[in-house]
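The next block holds one structure in the form of structure tokens; read it before the comments.
The values are calculated or read from the model by the stated rules, or taken from the named source; none is laboratory data. What you are looking at is a predicted structure, and each value in this text was computed from that prediction instead of being measured. A quick note on method: Cβ atoms are made from the backbone with ideal geometry, for glycine too, and the neighbour counts reach across all protein chains shown.
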Amino acid sequence: MIGAKKIGKVYAIPPQPPVAENNHVLPAGAITFGVEYRNVDPENLFATYAGNADHLAEFEAQYPDGGFTDEGVSLHVCGTDDGHEYVRFDVFDDGPHYHYIHRPSPDGEVVNNVIDYDATALGEMLPWAVDCLRTRLPEMLTEAGGAHLVPQLDPAVLLPVIDRVQEMATEAQRAHRAGPARP
């Protein structure tokens with residue numbers, strides 16, 4: 001994609017989409033947030049890309065030895081009008097990371113920048129991610145190709161919804177971590 005920066009790991013496949021029944025949608029004017037607790041495993045990842053031969057081929061080429069299994073809260077940042085997910089924070093237990101998900105180009109090219117989160121340097125990811133929503137959202141949307149949304153952002157609408165995103169994400173983490181012990 002012309003103009004998309006090559007930061008982090010760059011994939012030509014979109015991330016696994018949210019599971020609608022698990023994704024709590026919170027409209028906030030020009031953008032809509034989603035809060036979802038996700039369990040990612042090899043079976044559901046392969047199922048995501050099975051319908052597109054090019055995406056499946058890239059997924060298989062990038063697939064780590066031993067597979068990829070993780071869980072945690074995902075925060076989705078989507079355009080309300082276009083439904084495109086521009087930014088995602090995957091606050092996962094073992095491999096926390098975030099995405100800049102550029103809109104596909106007219107020829108269908110996808111640029112999905114995945115940036116690993118450094119918990120040693122930055123601490124817990126969820127407070128950092130929520131702080132980014134509060135203080136860096138215009139810059140992050142612009143990085144992901146969503147600059148057209150920035151003039152429509154209204155702090156009076158956004159900030160109370162971000163407070164709710166934080167509450168829901170914190171509760172989802174607490175509920176799942178209090179569940180059965182992980183092996």
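The table below lists the values:
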read-out: Some residue of the range 68-89 being more than 15 Å from ASN23 (Cβ to Cβ), among the charged types (D, E, K, R) and modelled with pLDDT under 85; value: yes
read-out: Total residues in the range 13-25, condition surrounded by fewer than 16 Cβ atoms within 10 Å (Cβ to Cβ) and under 22 Å from GLU43 (Cα atoms); value: 5
read-out: All positions within the range 93-115 that are at pLDDT 95 or above and surrounded by fewer than 18 Cβ atoms within 10 Å (Cβ to Cβ); value: ILE115
read-out: Scan of the range 91-135 for residues that are out of contact with any Asp or Glu (no Cβ under 8 Å at 6 or more places or on another chain), under 18 Å from GLU167 (Cα atoms) and part of a strand (DSSP E or B), ordered by number; value: VAL91
read-out: Pair list, Cβ < 6 Å and 6+ apart or interchain, from the range 169-183 residues that are under 22 Å from ALA129 (Cβ atoms) and at pLDDT 70 or above to residues that are assigned to a helix (DSSP H, G or I) and hydroxyl-bearing (Ser, Thr, Tyr); value: none
read-out: Index of the failed condition, ASN39 passing every other in (1) at pLDDT below 90; (2) at positive phi; (3) in a strand (DSSP E or B); value: (2)
read-out: Matching residues in the range 141-164 - criterion: being over 16 Å from THR80 (Cα atoms) and crowded, with 18+ Cβ neighbours inside 10 Å; value: GLU143
read-out: Residues located in the range 116-159, provided they are farther than 18 Å from PHE89 by Cα and either more than 18 Å from the chain's Cα centre (by Cα) or modelled with pLDDT under 95 (or both); value: HIS148, VAL150, PRO151, GLN152, LEU153, ASP154, PRO155, ALA156, VAL157
read-out: HIS84 free of Cβ contacts under 8 Å to residues at least 40 places away in the same chain, on the phi < 0 side of the Ramachandran plot and surrounded by 13 or more Cβ atoms within 10 Å (Cβ to Cβ); value: no
